[in-house]
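The values are calculated or read from the model by the stated rules, or taken from the named source; none is laboratory data. These numbers come from a predicted model, not from an experiment. Cβ atoms come from the backbone with ideal geometry, glycine included; neighbour counts cover every protein chain shown. Surface areas here come from the heavy atoms of the whole protein model, side chains and all, with no ligands, DNA or RNA. Shrake-Rupley method; radii C 1.70, N 1.55, O 1.52, S 1.80 Å.
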Amino acid sequence: MSDFRQDFLRFALEQDVLRFGEFVTKAGRLSPYFFNAGLFNDGASTLALARFYAQAIIESGIEFDMLFGPAYKGIVLASATAMMLAERGRNVPFAYNRKEAKDHGEGGTLVGAPLAGRVLIIDDVMSAGTSVRESLRLIEAAGAVPAGVAIALDRMEKGTGELSAVQEVRQQYGLPVVPIASLRDLLALLADDAQFRQHLAPVQAYRDRYGVSD
Ligand code: OMP
């Protein structure tokens, strides 16, 4: 496992963003772990999170002209990542949407830079891929081109069929998906570290039941 993925998961554990226990996911599955990106809720942790996104994006070599953050969590993620990319010498515009269209003032659902060129979506977790599909629709409706999706965690779970949401986006739309870390990285960490090894069996069992192989 590349070091920064391991570092990212440890950081998420420290921040209590990544937790073990019993959680019901959006798809109604009883999961032994949950990643709540909303708990990166202060300046220092958001700065560190943005550094991980920027690193994963730069390392992937993905080509893009701007960022798009779907409401609500993606708004902070896209703006923080844009700041970090600028600090690393790559200044790109960013945009985000409102969940409800505004009928006065500037109007519409899009805020920020006009959606144009190759747009990289920044989101938190992909499970069934609902949020990503909505972003793709907005980008295409604006006449821009989706460049890919950067996420914090790929849970590597089956959607309605045999593929995970990440695999579906890769296959159906031909788009790269860049996770900072995936369930595979988490399992490696749990196997490596005596402090967390008690969680390995339940997480592995969950993967056997709902996961995809790669
Ligand atoms: P999709 O939009 O269907 O891909 O689901 C992503 C959403 O799942 C996230 O935006 C969260 O609401 C939720 N989620 C997490 O944030 N963390 C998890 O570990 C698991 C889920 C989930 O419910 O599957």
Revision key, fill the gap. Of 22-28, 159-165, ordering from highest average Cβ density within 10 Å down gives 159-165, 22-28
Point to revise | Relative compactness, segment 4-210, computed as alpha-carbon Rg over 2.2 N^0.38 Å | key: 1.02
Practice item. Treat each spin label as a single point 7 Å out from the Cα along the C-beta direction, and report the residue 47 to residue 116 distance in nm. Key: 3.3
Check your understanding: Which residues' amide hydrogens lie under 5 Å from the amide hydrogen of residue 98, considering only partners 5 or more residues apart or on another chain, with H built in the peptide plane?
Key -> 110, 111
Review point. Does segment 45-168 classify as rounded, prolate or oblate by the C-alpha gyration tensor (a ≥ b ≥ c root eigenvalues; a/c under 1.5 gives rounded; else a/b over b/c gives prolate, otherwise oblate)?
Key: oblate
**Study point:** Solvent-accessible surface (1.4 angstrom probe) belonging to residue 65, in square angstrom, nearest 10
**Key:** 60
Check your understanding: When the helices in the chain are scored as -39500 (n - 2.57) per DSSP H run of 4 or longer and the sum is shared across all residues, what 222 nm value do you end up with, to the nearest 500 deg cm²/dmol?
Key -> -12500 deg cm²/dmol
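Roughly to the nearest percent, how much of the accessible area of the chain is carbon and sulfur, given a 1.4 Å probe? Display every interim value, and only then the final one.
Details: 5180 of 10270 Å².
Percent of accessible area from carbon and sulfur atoms in the chain: 50.
Compute the signed sum of charges (Lys and Arg +1, Asp and Glu -1) over the other residues within less than 10 Å, Cβ to Cβ, of residue 152. Show your work: numbers first, answer last.
Details: positive: 73; negative: 123, 124, 154.
In short, -2.
Heavy-atom accessible area per residue, segment 4-210, 1.4 Å probe: how many Å²? Kindly include the intermediate steps, with their values, before the conclusion.
On the way: 9790 Å² over 207 residues.
Here the residues of segment 4-210 average 47 Å² of exposed surface.
Please figure out what share of the DSSP beta bridges in segment 4-210 is antiparallel and state it in percent, rounded to the nearest 5.
Percent antiparallel among DSSP bridges in segment 4-210 is about 35.
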